[in-house]
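This report concerns only the one structure given below.
The values are calculated or read from the model by the stated rules, or taken from the named source; none is laboratory data. Quantities reported herein were computed from a predicted structural model and do not represent experimental measurements. Cβ atoms come from the backbone with ideal geometry, glycine included; neighbour counts cover every protein chain shown.
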Amino acid sequence: MAIETSTQYEPSTEAAWEPQMPPEDLIFDDGEPLESNRHRIAMNVLIRSLQQAWEDRDDYFTGGNMFIYYSRQQARNRDFRGPDFFAVLDIDGTYPREGWVVWDENGRYPDVIIELMSPSTRQVDTGAKKDLYERVFRTRNYFVYDPFDESSLQGWQLDGNFQYQPLVANEQGWLWCDVLGFWVGVGQGEILRVTAPWLRFYHPDGNVVLMPEEAAAQQAEAATQQAEAATQQAEAATQQAEAAAQRAEAAEQRAETAEQRANRLAAQLRALGVEVEE
């Protein structure tokens, strides 16, 4: 599929002094499925984990497999399929979009893009698309990863000359995404009953950025642990109270025994004619 790299607006050939308006009959679904079920899961993992991490924010938009319209000619030819994952920061994220239409978004392009490669798309993802995101979109961070190839992760960051520089991996093989403030890395795990090396976001401290269901499970586990700890504390308090009661009963029994001995001794002394004060 050809990738259009023209600018946002084109002069009219009929009246160069009057710019043509962008088309309004945009489509947002080409009916083509993702490469595989693993690609679909991988895309949703990235989108939903970012939404969970930033659940208290409304100044960004993230989507995946959505069309990005950036020029009249590209829109007219309908020749560009959207990235598998992208995020745009510092915008109004309070309403949903069917796609990302640059001229309706004050000229804003994605700040981060991730393409989930396959053998059939690898050359385009690391070639023509990379060039488009660098020169036209000027997307600050771009990553590619093949869900079936654990060693395929690559990433770039736009430098001051608007050129992509490759990112250097850390000891875990993760790449730093400066725009999001997260590591982008591969970790083995089971998601939706599929065990595979998944592309995930990681906090600066190395903890994985959770999806909503993972966060809910973690919160539930923490609540269960707190409940168990409270139960253990209550049981310990009960045991301490029982021990205190037993000690008091034992002391009472000792006191009663001493009194009985004193009374018996007094009776013996009276029997011998010894006066004993009561």
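Scan the range 250-272 and tell me whether some residue there is under 30 Å from Asp149 (Cβ atoms) and out of contact with any Ser or Thr (no Cβ under 6 Å at 6 or more places or on another chain).
First pass over the range 250-272, keeping only residues under 30 Å from Asp149 (Cβ atoms): none.
Scanning the range 250-272 turns up no residue that is under 30 Å from Asp149 (Cβ atoms) and out of contact with any Ser or Thr (no Cβ under 6 Å at 6 or more places or on another chain).
Could you check the range 57-126 for strands (runs of 3 or more DSSP E) lying wholly inside it with 3 or more residues that are buried (at least 17 other Cβ atoms within 10 Å of the Cβ) and of a type in the set (Ser, Thr, Tyr)? Give the steps one after another, and end with the answer.
Values: elements: 60-63, 85-89, 112-116.
Fully inside the range 57-126 and qualifying: nothing.
Quick check on the range 44-56: of everything there that is touching a Leu at 6+ places or on another chain (Cβ under 9 Å) and surrounded by 18 or more Cβ atoms within 10 Å (Cβ to Cβ), which residue is farthest from Cys177 (Cα to Cα)?
For the range 44-56, the residue satisfying everything is Val45.
Looking at the range 127-138, can you tell me whether even one residue there is surrounded by fewer than 22 Cβ atoms within 10 Å (Cβ to Cβ), under 21 Å from the mean Cα position of the chain (by Cα) and either at pLDDT 95 or above or not charged (D, E, K, R) (or both)?
Within the range 127-138, none of the residues are surrounded by fewer than 22 Cβ atoms within 10 Å (Cβ to Cβ), under 21 Å from the mean Cα position of the chain (by Cα) and either at pLDDT 95 or above or not charged (D, E, K, R) (or both).
I'm checking my understanding of the structure. Among residues of the range 143-166 that are under 21 Å from Val186 (Cβ atoms) and of a type in the set (Asp, Glu), which one is surrounded by the most Cβ atoms within 10 Å (Cβ to Cβ)?
Asp146
Any chance the range 172-187 includes a residue that's in contact (Cβ under 8 Å) with a residue 60 or more places away in the chain, within 19 Å of the chain's Cα centre (by Cα) and not in a strand (DSSP E or B)? Step through it out loud before you land on a result.
Quick first cut of the range 172-187, residues in contact (Cβ under 8 Å) with a residue 60 or more places away in the chain only: 177, 179-180, 182, 184.
Remaining after also requiring within 19 Å of the chain's Cα centre (by Cα): 177, 179-180, 182, 184.
Then drop every residue that is not not in a strand (DSSP E or B), which leaves 179-180.
Yes, because at least one residue in the range 172-187 is in contact (Cβ under 8 Å) with a residue 60 or more places away in the chain, within 19 Å of the chain's Cα centre (by Cα) and not in a strand (DSSP E or B).
Restricting to the range 70-97, give me the number of residues that are under 19 Å from Glu115 (Cα atoms) and at pLDDT 90 or above.
Looking only at that region, the number is 7.
So, of the residues in the range 188-225 that are among the polar types (S, T, N, Q) and assigned to a strand (DSSP E or B), which turns out to be nearest to the chain's Cα centre (by Cα)? Spell out the reasoning first.
Let us first name the residues in the range 188-225 that are among the polar types (S, T, N, Q), namely 188, 195, 207, 218-219, 224-225.
Now restrict to residues that are assigned to a strand (DSSP E or B): 188, 195.
On the way: Gln188: 16, Thr195: 18 Å.
Checking each candidate, the answer is Gln188.
Just a yes or no: is a residue in the range 32-51 touching a helix residue (DSSP H, G or I) at 6+ places or on another chain (Cβ under 9 Å), assigned to a loop (DSSP other than H, G, I, E, B) and modelled with pLDDT under 65?
Within the range 32-51, one or more residues are touching a helix residue (DSSP H, G or I) at 6+ places or on another chain (Cβ under 9 Å), assigned to a loop (DSSP other than H, G, I, E, B) and modelled with pLDDT under 65.
Please go through (1) in contact with a Gly (Cβ under 9 Å, 6 or more places away or on another chain); (2) on the phi > 0 side of the Ramachandran plot; (3) loosely packed, with under 11 Cβ neighbours inside 10 Å for Pro204 and return the number of the only condition it doesn't satisfy.
Single failed check for Pro204: (2).
Can you tell me which condition Leu192 does not meet? The list is (1) touching a residue at least 24 places away in the same chain (Cβ under 8 Å); (2) surrounded by 12 or more Cβ atoms within 10 Å (Cβ to Cβ), and all the others hold.
Among (1) touching a residue at least 24 places away in the same chain (Cβ under 8 Å); (2) surrounded by 12 or more Cβ atoms within 10 Å (Cβ to Cβ), Leu192 violates only (2).
Looking at Glu252, Glu235, Glu228, Glu242, which one is surrounded by 10 or more Cβ atoms within 10 Å (Cβ to Cβ), at pLDDT 80 or above and either part of a helix (DSSP H, G or I) or not small (Gly, Ala, Ser) (or both)?
Result of the check over Glu252, Glu235, Glu228, Glu242: Glu242.
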